[in-house]
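Worksheet for the structure shown next.
The values are calculated or read from the model by the stated rules, or taken from the named source; none is laboratory data. Note that the structure is a prediction, hence the values are computed from the model and not measured. So basically every Cβ, Gly included, is an ideal-geometry build from the backbone, and we count neighbours across all protein chains shown.
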Amino acid sequence: MRAELFQNKTGVHLPSPQYMHRGHLYLKVTKDYMQTAVDAFAILLKGNINDVLRLPAAYVLKSARTIAMMRIAKEKLVATWTVVKGNRHPIEITPRILEQYRPLFKYLNGNEIAKLNLTDERILTYIGTHADLDRHQVGIVASRYIKLNPRWMEPRYLNLMNNILCGVPMNFMRKQAENTYLQLTHEMFYHIKACDPLQRRFYYAMMTRTQALGKPYSWSARDVSRLGLLLTEIDGPDLAMVKPEAMSGITAQVMLEIPPQTLKHVTEMQLRFIGQKPLNILAKKLSDYQDELRIYNKGYCLMTLIFQNVWVYFPC
């Protein structure tokens, strides 16, 4: 389809359904970028898997972010990887292509991700810093990487794995020397989004051993910052023990994840050292928490008498 010109203004339109035959749709990329985008949208929306597989790989990579925002069948989103991969084996995919494909990467299954060239440090870091992978995906990748690299337990390789650590069995990590945790990078625990609470508590326990960072009252701002998302597992009384000046190490990203039940233990002196953005988040979370408590503590429930259609208040 071509864009129409009316009063010197270009207009675009979706192809008419009567001219769209599922299974026989092709995208023609022209210099009319807007109409090309609309045509691609129509194919993704109305076409079937075979139509998606015929999309140009270069166009899919350029439009990956837009495609990821579309509410279409997951099978079609997964099919875009087949388009991008083409006739190549996954191990031949370059980091540059993966970076372009980042918005859609989360739809790949773990087995397909594990087929990438994990010996390339750039690809390993790409997977480990991807924010949208779940524990199952990183678990398969971790299993594959452990087989590929017998030296994976060295700090150098752990620092490349990042979120992939969430897929490593905790029994393996218990064998690590305690000083290993001090050699992990500053950003490591900001990427462990696939870890469940049990894993976070485990890593928190490892990082707060005497041979590592020690107890909360001995932390510096650098130590607090280094803990990253592990701070979500700190107890309220322990948080109150942190030195006020060390609270400047809490970032907005971490503050969003800390439960309000823990944040209510923050002292007035500590508040003075928290950054403005984390402080705003803290205030909002505590305000919402107080509102919830106020509603819960009213002690009355609202009940509808179905047959009489009367609203009655009664003590909970």
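Checked against (1) modelled with pLDDT of 95 or more; (2) farther than 25 Å from Met188 by Cβ, Met255 passes all but condition (2).
So, Arg65, is that one more than 24 Å from Val38 (Cα to Cα) and modelled with pLDDT under 95 or not? Can you show your working first?
Working: more than 24 Å from Val38 (Cα to Cα): no; modelled with pLDDT under 95: yes.
So Arg65 does not fit the description; no.
Quick one: in the stretch 189-208, which of the residues that are over 11 Å from the mean Cα position of the chain (by Cα) and not hydrophobic (A, V, I, L, M, F, W, C) is nearest to Asp134 (Cα to Cα)? Across the stretch 189-208, the extreme among qualifying residues is Asp196.
Here Ala212 meets the list (1) under 26 Å from Lys285 (Cα atoms); (2) in contact with an Asp or Glu (Cβ under 7 Å, 6 or more places away or on another chain) almost entirely, failing just condition (1).
A single member of Arg96, Arg88 is in a loop (DSSP other than H, G, I, E, B), closer than 23 Å to Arg144 by Cα and either touching a strand residue (DSSP E or B) at 6+ places or on another chain (Cβ under 8 Å) or of a type in the set (D, E, K, R) (or both), and it is Arg88.
Cβ separations smaller than 6 Å between residues 6+ apart or across chains give the following pairs from the stretch 230-244 residues that are over 16 Å from Tyr190 (Cβ atoms) to residues that are not in a helix (DSSP H, G or I): Gly236/His265; Leu239/His265; Ala240/His265; Ala240/Thr267; Val242/Trp219; Pro244/Phe273.
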